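What follows is a short report on a single structure.
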Amino acid sequence: MNIIAPSMLACDFGNLNREIEMVNKSEAKWFHIDVMDGVFVPNISFGTPIMNILKKNAKKTLDVHLMIVNPDNYLENFAELGADILTVHFEACTHLHRTIQRIKGLKMKAGVALNPHTPISSLKSIIKDLDLVCIMSVNPGFGGQSFIEETYDKVKELKSLIENQNSKAIIEIDGGVNSQNAKKLIECGANALVAGSFVFKSKNPTETISELSLLIN
């Protein structure tokens with residue numbers, strides 16, 4: 001079963017509990033939570049208070065994506081805040097192997113995200129240790145950006161690396177996902193699709209999630 005993970009960055013924060021309940025009742029499998037510090041990416045998003053609300057009310061997997069410098073300083077915090085999956089950026093980790101082992105030691109699944117310019121080959125030495133690889137299909141920092149077409153080839157290359165190394169990592173795509181590219185991404189080897197603006201800015205987000213889920217399953 002392939003996964004739709006609505007990005008809460010695009011939701012209506014003035015009605016956060018309503019938006020959480022919508023995702024709870026939808027066909028989405030995960031909540032995708034982008035944490036930004038204004039340093040690693042040119043934007044600031046939510047932190048501990050919003051995570052506490054999600055931990056309390058979300059009934060599905062909390063897929064937390066740290067777009068921050070020095071992620072090692074916050075691993076314990078996000079374990080306590082209920083993260084089921086914790087993804088750090090390859091570009092932000094000086095000692096990536098150690099970071100991944102610490103995440104796993106805190107009983108979370110460990111993911112690594114790659115910015116559009118970072119080659120898949122960067123993960124060759126660590127792919128066996130990963131539960132998830134998040135390919136950024138836009139430059140991280142803001143929602144509503146256009147999908148980068150080269151992503152398809154990166155997904156195919158990553159799928160090949162995972163199979164060759166007998167890794168159990170799943171492939172997640174984050175950025176610009178919509179009904180035009182969802183099916184092709186799955187055909188290339190992706191397993192989980194993050195959809196933000198396409199879901200929350202639609203007239204009926206629940207129906208939009210259902211349509212995406214139908215396209216990819």
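Any read-out appearing in this document is the output of simple, stated calculations on the displayed coordinates, not a laboratory observation. What you see is a predicted model; the values in this text were computed from it and never measured. Here the Cβ is made from the backbone with ideal geometry for all residues, glycine too, and neighbour counts use every protein chain on show.
Using a cutoff of 8 angstrom between alpha carbon atoms and counting only pairs six or more residues apart, the relative contact order for the chain works out to 22 percent.
A straight chain from residue 77 to residue 124 at 0.36 nm per residue would run longer than the Cα-Cα distance by 14.1 nm.
Fully extended, how many nm does the chain gain between residue 214 and residue 187 (0.36 nm per residue separation, minus their Cα-Cα distance)? Mind dumping the intermediate values first?
Details: separation 27, 0.36 × 27 = 9.72 nm, distance 1.39 nm.
Full-extension gain reported as 8.3 nm.
In the elastic network of the chain, a GNM with C-alpha springs shorter than 10 Å, the most mobile of 72, 84, 153 is 153.
Placing +1 on each Lys and Arg Cβ and -1 on each Asp and Glu Cβ, with no other charges, gives the chain a dipole about its Cα centre of roughly 480 debye.
Couplings 3J(HN,Hα) for the range 152-167, derived from phi with the Karplus relation 6.51 cos²θ - 1.76 cosθ + 1.60 (θ = phi - 60°), are 4, 5, 5, 5, 4, 5, 5, 4, 5, 4, 4, 5, 5, 9, 6, 7 Hz, where x marks Gly and Pro.
Between their Cα atoms, which of 55/107; 183/203; 124/183; 156/203; 29/107; 55/154 are more than 24 Å away from each other? Mind showing how you got there, number by number?
Values: 55/107 16 Å; 183/203 21 Å; 124/183 26 Å; 156/203 33 Å; 29/107 20 Å; 55/154 33 Å.
From the list (55/107; 183/203; 124/183; 156/203; 29/107; 55/154), the Cα-Cα distance tops 24 Å for 124/183; 156/203; 55/154.
Which pairs break 18 Å Cα to Cα here: 56/168; 25/60; 59/184; 59/168?
Numbers: 56/168 30 Å; 25/60 10 Å; 59/184 29 Å; 59/168 25 Å.
Among 56/168; 25/60; 59/184; 59/168, the Cα-Cα distance tops 18 Å for 56/168; 59/184; 59/168.
Would you list 64, 177 from fewest to most Cβ contacts within 10 Å? Numbers along the way, then the final one.
On the way: 64 25, 177 28.
Fewest-to-most ranking of 64, 177: 64, 177.
Couplings for the range 88-100, taken from phi via the Karplus curve 6.51 cos²θ - 1.76 cosθ + 1.60 with θ = phi - 60°, read 10, 8, 3, 6, 9, 10, 6, 10, 4, 4, 5, 4, 4 Hz in order; Gly and Pro are left as x.
Note on residue 164 and residue 57: their simple-model spin labels are 4.6 nm apart, each label 7 Å out from Cα toward Cβ. When the Gaussian network model of the chain links Cα atoms closer than 10 Å, the mean-square fluctuations of 79, 169, 190 top out at 79.
Please list the three semi-axes, largest first and in whole Å, of the ellipsoid equivalent to the chain, using sqrt of 5 times the eigenvalues of its alpha carbon gyration tensor. Intermediate values should be presented prior to the final figure.
On the way: eigenvalues 113, 91, 48 Å².
One finds semi-axes of 24, 21, 15 Å for the chain.
So what is the 222 nm mean residue ellipticity for the chain from helices alone, if each DSSP H run of at least 4 adds -39500 (n - 2.57) and you divide by all residues, rounding to the nearest 500 deg cm²/dmol?
-9500 deg cm²/dmol
Modelled spin-label separation between residue 43 and residue 117, with each label point placed 7 Å from Cα along the Cα-to-Cβ direction: 1.9 nm. Between residue 29 and 4, the built amide H atoms are under 5 Å apart, and every one of these is 5 or more places off in sequence or on another chain. For a straight C-alpha distance cut-off of 18 angstrom, the aspartates and glutamates reachable from residue 201 (same-chain residues fewer than eight places away being disregarded) are 12, 19, 21, 27, 34, 174, 211. The Cα trace of the range 1-61 gives Rg and Dmax of 12.0, 36 Å, the first to one decimal, the second as a whole number.
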